[in-house]
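See below for the structure under consideration.
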Amino acid sequence: MQDNNHQFDSEVKYGFSMPEKHVYRAKKGLNISVVKSISKLKREPLWMLEKRQKAYQYFLSKSMPNWGADLSLLDFDDITYFIRSTDKQVSSWEDLPSEIKMTYDRIGVPDAEKNFLSGVSAQYESEVVYESIQKELKKKGVIFCDMDTGLKMYPDIVRNYFGTLIPHTDNKFAALNTAVWSGGSFVYVPKGVRVELPLQAYFRMNAERFGQFERTLIIADEGSYVHYIEGCTAPIYTTSSLHSAVVEVFVKKGARVRYTTVQNWSKNVFNLVTKRAQTDENAIMEWVDCNLGSQATMKYPSVYLKGEHSKGEVLSIAFAGKNQHQDAGAKMIHFAPHTSSRIISKSISKEGGRTSYRGLIQILKGAHDTHSYVSCDALLLDEKSRSDTYPTMRTKEQEVEVQHEATVEKIGEEKLFYLQSRGINKYDAEGLLVNGFIDPIAKEIPLEYSIELNRLINLEMSGSIG
Amino acid sequence: MLEVTNLSVSVGRKLILQNLSYIFEQNKTYVLMGPNGSGKSTFAQTIMGHPQYEIDTYSRIFFNKENITSYPVEKRATSGIFLSLQTPLSLGGITVFQLLRVVLKGKKDALSLKREIMKLAKRLNISQEVLNRSLNQGASGGEKKKMEVLQAGILKPKLAIFDEVDTGVDIDALKTISSYLRHFKKNKTIIFITHNSRILDYIQPDKVLILKNGLIIKDGDADLLSFIEKKGFDKL
């Protein structure tokens, strides 16, 4: 019954339900023939098919996690594992099927995104911009395409890295993703190349970009730099209730990668994502992760600090409203000496929503002179809401410095009174306080996205939705 | 302008203001003094509508002839009442500009608001660094009170209550604040709540009120101040 309510809510909230147009749609439910037909339809090499099959077997053999968010309402048989809504990839807004365009019009795709896609800007048409960016990237030898194309065009690179950092045996949902993945991004940045503009997923428009089982692989070669943004602040409407992505990032010697996520899933979705990066010597990996929406999220971006003097950082924001549970955190595994990590987590719970910080700092034998700093702050907007912290620390070394700070704060009557005494109503005052609370992280996000994030939080706070 | 009749206010079971009635006239400057615990801040917060205070059913607050007794806080503010807090709170991640921008949404564009803030900050000797910081975070006593005054200056209320704007402020800051307020008080009703008469060396009040045990026990002109300075509240 509760589940039906969720469904109903999301329908009302976004106020639309567009007819779906698709070329191929697998039957609901998962079995080996679905796995095989996904691979066949994509004309994949044999090794990928075998990987998928192995992963599927592993998925079957693993039981559901008995920790984290409550996943008992997740029904694997009620999910469509593969939909191809247009048979070829489109490269411009104009080429999108009108239903999809209308859908995004209605839910309000971020302006930056829409302006870009619709070619609003006076001098350039979207395709011109898209192509000039691609041309620019190509000149530098940067590969930026969707994962399916990546596999077709660069099978050797993909084969070398795919599933090596997050093998299908990592967890049940990584296995599921490996078995049925579709879409996602493939990025390769050659040695010494700095990509100045952030690579944004919306530059490579395709029908599968909001796929439920995205698979992303980023390789930043020695001394390179790239900022990848997986952003969609518009509520990502999906009729399916499961999003299970896998993201692997390889940061080579002296390279730096920043991966920013701003996502707002519709409130029927289970968002179960595995993200991991590996840093070589002197490399830097930064995850900026903003989670809104969804019914339950379980997501713990991690960095395997393999090379000496490498650094890892996770900045995360989680917002849980009514009937939502955001179980988010980070993992930092120090393999090498002189490595450092930093985790800053901010969570907000409202109307009985629940947030959990779940973190792991692990310092392996030999990883001496390492440094780790964890700070998690929770903000509770009312008495019904809940926040928990589950920090785990394992260290096999003596010469290490680990700091952990945690605070739980309630929006106090005095702060509200102060803002209200200036003429601000209660909702706006709460919105202002929440935005102030996440400000240290919001600052790290490109301006257009932080504005959207700000707007989204105000919308959540105003109670006009949900 | 501001009229309170039979104002009785309690917190929990403790009665703090007792049947207080008074008319504050338009464009006059008042000083409200009294010993600790006499109910001065309670009076200020009650006028602003702080939810912590319980008002007796007979009590009435009129502002410009409008009965605002049951108005929520923000409606009192938008009607033209401003309260400068005795201990201004710090607001993480919110600058004074962001705060005022929300208040003046749709009334003033961001650019001219920014200009106005900069101008006033200069006058109040508030550094750019303090201006760009989270409001009142890591600020000195003087900086906090200046930020309150700055907000008053931008919001231009009809009635402004300054609760101990002179406390925790060094002499230079006090001079800066009072020289601004001397100009600010024109065409406004002002109530200064204070413990000492230092600020009154700079600002001439029209009336001095003495609050004791939740009652106005005396009102008079500025001469009343010198009497209190010499004899204290006990002799009243």
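The values are calculated or read from the model by the stated rules, or taken from the named source; none is laboratory data. For clarity, every value in this text was computed on a predicted model and none was experimentally measured. Note that we place each Cβ from the backbone using ideal geometry, even for glycine, and neighbour counts take in every protein chain shown.
Every listed requirement among (1) under 12 Å from A:His168 (Cβ atoms); (2) at pLDDT below 90 is met by A:Trp67 save one, (1).
Could you check the range B:55-80 and list, in sequence order, the residues that are among the β-branched types (Val, Ile, Thr) and more than 8 Å from every other protein chain (Cβ to nearest Cβ)? Lay out the reasoning, then the answer.
Here is the first cut: in the range B:55-80, the ones among the β-branched types (Val, Ile, Thr) are B:55, B:57, B:61, B:68-69, B:73, B:78.
Matches in the range B:55-80: B:Ile55, B:Thr57, B:Ile61, B:Ile68, B:Thr69.
Only one entry of B:Phe192, B:Phe227 meets the criterion of being surrounded by 15 or more Cβ atoms within 10 Å (Cβ to Cβ) and farther than 20 Å from B:Thr42 by Cβ, and that entry is B:Phe227.
Among the residues of the range A:381-396, those that are out of contact with any Gly (no Cβ under 7 Å at 6 or more places or on another chain) and over 15 Å from A:Asp327 (Cα atoms) comprise A:Leu381, A:Asp382, A:Glu383, A:Met393, A:Arg394, A:Thr395, A:Lys396.
Quick one: is B:Ala173 farther than 26 Å from A:Leu432 by Cα, surrounded by 16 or more Cβ atoms within 10 Å (Cβ to Cβ) and among the small types (Gly, Ala, Ser)? Steps first, please.
Numbers: farther than 26 Å from A:Leu432 by Cα: yes; surrounded by 16 or more Cβ atoms within 10 Å (Cβ to Cβ): yes; among the small types (Gly, Ala, Ser): yes.
Here the answer is yes, as B:Ala173 does meet what is asked.
Among the residues here, B:Leu209 qualifies as closer than 30 Å to B:Lys75 by Cβ, part of a strand (DSSP E or B) and either modelled with pLDDT under 95 or not acidic (Asp, Glu) (or both).
Suppose we keep only residues that are more than 24 Å from B:Ile191 (Cα to Cα) and touching a helix residue (DSSP H, G or I) at 6+ places or on another chain (Cβ under 8 Å) within the range B:109-126. Which one would you say is farthest from the other protein chains (Cβ to nearest Cβ)? Give the derivation first.
First, pick out the residues of the range B:109-126 that are more than 24 Å from B:Ile191 (Cα to Cα): B:109-116, B:118-119, B:122.
Imposing the further condition that a residue be touching a helix residue (DSSP H, G or I) at 6+ places or on another chain (Cβ under 8 Å) reduces the set to B:110, B:113-114, B:116, B:118.
Values: B:Ala110: 13, B:Leu113: 13, B:Lys114: 17, B:Glu116: 15, B:Met118: 19 Å.
Filtering first and then ranking leaves B:Met118.
Looking across B:Leu100, B:Leu83, one residue alone is within 12 Å of chain A (Cβ to nearest Cβ) and in contact (Cβ under 8 Å) with a residue 60 or more places away in the chain. It is B:Leu83.
Inspect all residues belonging to the range B:180-188 and state whether any of them is within 14 Å of another protein chain (Cβ to nearest Cβ), among the aliphatic types (A, V, I, L, M), part of a helix (DSSP H, G or I) and at negative phi. Working first, answer last.
Looking only at the range B:180-188, we keep the residues that are within 14 Å of another protein chain (Cβ to nearest Cβ), and these are none.
So far as the range B:180-188 goes, no, none of its residues is within 14 Å of another protein chain (Cβ to nearest Cβ), among the aliphatic types (A, V, I, L, M), part of a helix (DSSP H, G or I) and at negative phi.
Those residues that are of a type in the set (Lys, Arg) and part of a loop (DSSP other than H, G, I, E, B), I need them from the range B:167-179; list them, please. Even if it seems obvious, please write down each step before you answer.
Filtering the range B:167-179 down to residues of a type in the set (Lys, Arg) leaves B:175.
Across the range B:167-179, there are no qualifying residues.
The strands (runs of 3 or more DSSP E) found entirely in the range A:248-330 that carry 1 or more residues being closer than 23 Å to A:Asn435 by Cβ are A:256-265, A:270-279, A:284-293, A:296-299, A:311-320. Among the residues of the range B:17-53, those identified as within 14 Å of chain A (Cβ to nearest Cβ) and either over 16 Å from B:Lys158 (Cα atoms) or over 17 Å from the mean Cα position of the chain (by Cα) (or both) are B:Ser41, B:Thr42, B:Gln45, B:Thr46, B:Gly49, B:His50, B:Pro51, B:Gln52, B:Tyr53. Note on the range A:410-442: residues that are more than 9 Å from chain B (Cβ to nearest Cβ) and surrounded by fewer than 17 Cβ atoms within 10 Å (Cβ to Cβ) total 2.
Across the range B:131-166, what is the number of residues that are part of a helix (DSSP H, G or I) and of a type in the set (D, E, K, R)? Lay out the reasoning, then the answer.
If we filter the range B:131-166 for residues that are part of a helix (DSSP H, G or I), which is where we start, we get B:131-132, B:141-155.
After this cut, where a residue has to be of a type in the set (D, E, K, R) as well, the list is B:143-146, B:148.
Number of matching residues: 5.
Against the numbered list (1) over 30 Å from B:Lys156 (Cβ atoms); (2) within 13 Å of chain B (Cβ to nearest Cβ), A:Glu460 comes up short only at (2).
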